[in-house]
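Have a look at the structure below, then the notes.
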Amino acid sequence: MVSVQDFLNAFSRQWNADQKRRGRALRDAYQKGKMSTAYMLDKKNFSETFFARLAIRLDQQALPERQRLDVVYYTTKAHNIEHTPRIRPARLNVIIEHETGEKVEEEMWKLLMWRAPLKVLVFYDRQALWLDAKLRQLDALRQEVNREWPEADDTSYLFLIGRPPQRGALPVWWCCDSSNNELRPLRP
């Protein structure tokens with residue numbers, strides 16, 4: 001199982017490693033906006049993406065674009081269903097959704113409908129204007145769905161929010177998890 005702290009530590013270490021080893025490609029991806037999605041989880045070249053490298057760091061197998069989910073991590077036995085070339089994990093350990101726009105509620109809804117011990121939503125607050133209201137809205141959505149369809153007690157939600165200090169700069173990462181809903185900077 002991957003804990004919130006394990007994920008945060010691995011994310012921070014991988015981000016720092018990417019800045020050192022892939023600095024130019026990373027800066028180009030974030031300066032060109034939508035290319036940040038390709039950098040993080042390009043399904044055509046997934047093995048070269050940030051989330052693929054992060055899975056290795058966490059000792060997880062990764063599958064991109066499964067059942068409309070951006071990325072899933074798993075370690076348990078996967079089942080091959082007859083006449084289907086796709087892998088079907090018996091258990092998902094982490095579900096990751098990545099959103100570059102402001103409509104993060106759609107990504108949150110997907111996380112709410114699937115089961116995994118850790119659900120991660122990565123998004124960006126480029127102008128630092130609406131984040132507090134957005135976090136309250138996401139938590140209210142989580143509570144509303146949980147009243148109708150309760151999750152396991154060990155389910156955690158983690159929000160990673162990229163905030164570029166200036167236009168065209170790499171984001172500085174902030175995090176908030178469901179254990180305390182406190183926004184804090186992600187420390188290297």
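What the table shows:
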read-out: Where a residue in the range 1-24 is among the charged types (D, E, K, R) and its partner, wherever it lies, is surrounded by fewer than 18 Cβ atoms within 10 Å (Cβ to Cβ) and in a helix (DSSP H, G or I), with Cβ under 7 Å and at least six apart; value: 13/57
read-out: Test for residue 51: is it out of contact with any Lys or Arg (no Cβ under 6 Å at 6 or more places or on another chain), on the phi < 0 side of the Ramachandran plot, surrounded by 20 or more Cβ atoms within 10 Å (Cβ to Cβ) and assigned to a helix (DSSP H, G or I); value: yes
read-out: Residue list for the range 112-167, filter: among the aromatic types (Phe, Trp, Tyr), exposed (fewer than 15 other Cβ atoms within 10 Å of the Cβ) and either within 20 Å of the chain's Cα centre (by Cα) or not in a loop (DSSP other than H, G, I, E, B) (or both); value: 130
read-out: Residue match in the range 157-179 (condition: polar (S, T, N, Q), out of contact with any helix residue (DSSP H, G or I) (no Cβ under 6 Å at 6 or more places or on another chain) and either within 25 Å of residue 65 (Cα to Cα) or in contact (Cβ under 8 Å) with a residue 24 or more places away in the chain (or both)); value: yes
read-out: Unmet criterion (only one of (1) part of a loop (DSSP other than H, G, I, E, B); (2) free of Cβ contacts under 8 Å to residues at least 40 places away in the same chain; (3) under 13 Å from the mean Cα position of the chain (by Cα)) for residue 100; value: (2)
read-out: Candidate set: the range 54-87, residues that are within 16 Å of the chain's Cα centre (by Cα), outside any strand (DSSP E or B) and modelled with pLDDT under 85; chosen: the one surrounded by the most Cβ atoms within 10 Å (Cβ to Cβ); value: 67
read-out: Hits in the range 1-44 (condition: of a type outside the set (A, V, I, L, M), outside any helix (DSSP H, G or I) and in contact with a strand residue (DSSP E or B) (Cβ under 9 Å, 6 or more places away or on another chain)); value: 3, 42
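The values are calculated or read from the model by the stated rules, or taken from the named source; none is laboratory data. Bear in mind the structure is a predicted one, so any value in this text is a computation, not a measurement. When we count neighbours, we look across all protein chains shown, and the Cβ atoms used for this are built from the backbone with ideal geometry, even at glycine.
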